[in-house]
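Everything below concerns the one structure shown next.
Read-outs throughout are calculated quantities, based only on the coordinates presented, and are distinct from any laboratory measurement. All figures in this text were calculated on a predicted structure; none of them were measured in a lab.
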Amino acid sequence: MNSGLVSTSHLVLGLLARGERHGYDLKREHDLRFPSARPLAYGQIYATLERMQRQGLVDAVSRERVDGPDRTTFRMTRQGRKELTTWLAEVETPAPFVTNLFATKVTLALLTGDEGAAADYLRRQRQAHLARMRDYTRVKTDPESSLSQVLAADYALSHLDADLRWMETALDRVTGLTEEMP
């Protein structure tokens with residue numbers, strides 16, 4: 001079991017595993033390695049580094065001034081390496097509850113609207129999903145895309161495909177329930 005660090009801490013430790021970096025470099029590398037992830041703010045990176053330094057997971061190794069504020073370079077400590085290794089070895093338990101705005105909205109649209117309105121909503125939502133899938137397909141087939149971008153696109157495409165299959169199943173189920181009602 002890990003020490004309960006927030007995922008940002010583990011992310012920063014993972015980025016530091018390749019060598020010393022300052023917050024600005026960590027933010028840039030995050031954006032490069034995880035192009036489809038929720039963006040991290042510089043302040044979030046620096047606050048995480050400060051907390052991790054207090055916990056003994058990173059050390060400040062140098063400070064320099066480059067066209068603005070001081071930049072502190074950090075490195076992972078042995079304790080930080082152990083924490084990262086432990087965290088990476090842990091298998092993630094699938095979430096017991098699965099929810100997102102899309103699934104909630106589709107369910108409510110199907111259950112509160114008439115069948116025609118629900119079918120229309122699902123067709124429009126399907127079109128939005130297909131358009132996003134075309135965007136990700138362009139990314140993964142672009143020879144200029146990095147491995148990180150291709151992996152992120154593959155992951156997103158798998159989730160969008162699952163959403164499309166769920167939409168079809170939901171519509172079939174609700175249509176079947178509607179037909180059974182007196």
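A few comments on the model shown:
- Contact order normalised by residue count of segment 7-89, Cα under 8 Å, 6+ apart, percent: 36 percent
- Close amide H partners of Phe74, meaning residues 5 or more places away or on another chain with modelled amide H under 5 Å apart, are Arg21, His22, Val61.
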